[in-house]
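Below you'll find the structure, written out as structure tokens, and then a few comments.
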Amino acid sequence: MAAFSTSSSRPYHIIIFGASGFTGQFVVEEVARTASEGPKGSLKWAVAGRNRAKLEKVVEQAAGTLSKPELKSEVDILVADVSDLDSLAVMCKQAVIVLSCVGPYRFFGDPVVKSCVENGAHCIDISGEPQFLESMQLNYHDQAAGNGVYIVGSCGFDSIPADMGVIYTRDQFKGTLTAVESFLTASAGPEGGCIHDGTWQSAIYGLADSNKLRSLRKKFGHKPLPVVGPKIKRRGTLFYSNELQQYAIPFMGTDPSVVKRTQRYLTEELNESPVQYGAYVGVGGISNIFKLVFAGLMFFFFVKFSFGRNLLIKVKHTVSSCESYAIFNAKTLEGSSFRFIFLGEGYTEGSDPSEGKPNGKIRTLVKGPEVGYVATPIAMVQAALTMLNESDSLPNTGGVYTPGATFAKTTLIDRLNKHGIQFSLFPPEVQ
């Protein structure tokens, strides 16, 4: 198995690849902020990317923001590029874990995963792209398992709150949990929100390639997961949610696919009872619905054609653009937050899941700060620190895994609670 400790030939616990990218800058700050939580109270880390001058600026920015001038001399800088496989190999051979921040991952993620698998580095990314995540599992799981390498995708807002939220709800329920629905709301700060180019492109190309995702899934040859208790009822395309006191729609992101992959692993590998899952997001009142319908129809139309995709990418800057790290950091983080309500049902202890209707319910809550550039770095870095400190609690073999499959037996939730992503029972605890 690939090591979880440094050595003379592998000197860094963590290398942040893509550190000069928009999200990478926030990940750098979070690593610097939590370095004392590394193995034996210290963390050896470096930043990597294709432009040394930009990387130096990122480290300097972090040193100033955190009042840690020593970072400028302590943090090493490595030059590596996804188009230069030799440079990737050199980087991966020096890392215990590579934090991959090189989205859109459909364009830049594969070479990083491949190099990590071949060169003995574990890899964590923050992808919210199901096609990329599942193709990595299809293409590299067996090789990663053979090499003892752990590749863990979607370790950001997509999808640690949802995936670990279902795990938390299951663990808090006294009995057999059979189904969970999650309801997400997010609030922007006083200056409003924005979306970065990489995230916007991921959404555009993800929807455009939805047919390819269905074809990809057929290649796994998975059998349907067993259903314990009644089959979960899917809500409508648009409905009024009493849970949120506003209108809601099915969540279009990667959370449902990630949670389902986790439940498949827990069922097939650990022989645990699977939990059905439905994910929804609040959209507000009537006025917001009209805006959503119009924007949604336009978006769905344009992503089907190359000219439309190019147009969406070009016009984004006039709608909601993160043009500058400094401006974004100052204007949009304060006051932004997210909130997941999880509603679960199942059979209490002593009840037979094969007989009758579920007789127990539970509500839990996961909440935290701004989703993209505060919560995501926290989740990613705490996932890496958990791997470094609790390697004995990971799956028995390497492979390509979801967060829930990787961290179900670890203290990741406790670590997240200490850093502002809070998991708790939601009164009334059991109805």
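The values are calculated or read from the model by the stated rules, or taken from the named source; none is laboratory data. Here the structure is a predicted model, which means the values were calculated and not measured. Ideal geometry is used to build each Cβ from the backbone, glycine not excepted, and the neighbour counts take in all protein chains shown.
Inside the range 27-110, counting only strands (runs of 3 or more DSSP E) that do not spill past its ends, which hold 2 or more residues that are hydrophobic (A, V, I, L, M, F, W, C) and under 24 Å from GLY148 (Cβ atoms)?
Where strands (runs of 3 or more DSSP E) fall fully within the range 27-110 and carry at least 2 residues being hydrophobic (A, V, I, L, M, F, W, C) and under 24 Å from GLY148 (Cβ atoms), they are 45-49, 95-100.
Considering each residue of the range 247-257, count those that are touching a Pro at 6+ places or on another chain (Cβ under 7 Å) and modelled with pLDDT of 95 or more, and give that number.
1
Just to be sure I understand, how many residues within the range 387-404 are surrounded by fewer than 24 Cβ atoms within 10 Å (Cβ to Cβ), in contact (Cβ under 8 Å) with a residue 12 or more places away in the chain and in a helix (DSSP H, G or I)?
4
Residues in the range 86-119 that are modelled with pLDDT under 95 and under 19 Å from LYS44 (Cβ atoms): how many?
Summing the residues that are modelled with pLDDT under 95 and under 19 Å from LYS44 (Cβ atoms) in the range 86-119 gives 0.
So, of the residues in the range 103-123 that are among the aliphatic types (A, V, I, L, M) and over 13 Å from ILE15 (Cα atoms), which turns out to be surrounded by the fewest Cβ atoms within 10 Å (Cβ to Cβ)?
Of everything passing the filter in the range 103-123, VAL113 is surrounded by the fewest Cβ atoms within 10 Å (Cβ to Cβ).
Give me the pairs: first residue in the range 248-261 and within 27 Å of SER287 (Cα to Cα) and of a type in the set (Ser, Thr, Tyr), second residue at pLDDT 95 or above and surrounded by fewer than 18 Cβ atoms within 10 Å (Cβ to Cβ), beta-carbon distance under 8 Å, and six or more apart or on different chains, which are they?
Sorted first by the residue in the range 248-261, then by its partner, the list stays empty.
How many residues does the range 137-166 contain that are in a helix (DSSP H, G or I) and surrounded by fewer than 24 Cβ atoms within 10 Å (Cβ to Cβ)?
Adding up the residues that qualify gives 10.
When the range 116-136 is examined, which residues are found to be among the acidic types (Asp, Glu) and outside any loop (DSSP other than H, G, I, E, B)?
GLU118, ASP125, GLU134
Tell me the residue from GLY346, GLY420, GLY368 that is over 30 Å from GLU118 (Cα atoms) and assigned to a loop (DSSP other than H, G, I, E, B), please.
Answer to the check: GLY420.
State which residue is surrounded by the most Cβ atoms within 10 Å (Cβ to Cβ) when the search covers only the range 36-92 and only residues that are farther than 20 Å from GLN25 by Cβ and small (Gly, Ala, Ser).
Across the range 36-92, the extreme among qualifying residues is GLY38.
Just name the residue that is surrounded by the most Cβ atoms within 10 Å (Cβ to Cβ) out of those in the range 228-258 that are touching a Ser or Thr at 6+ places or on another chain (Cβ under 7 Å) and part of a helix (DSSP H, G or I).
VAL258
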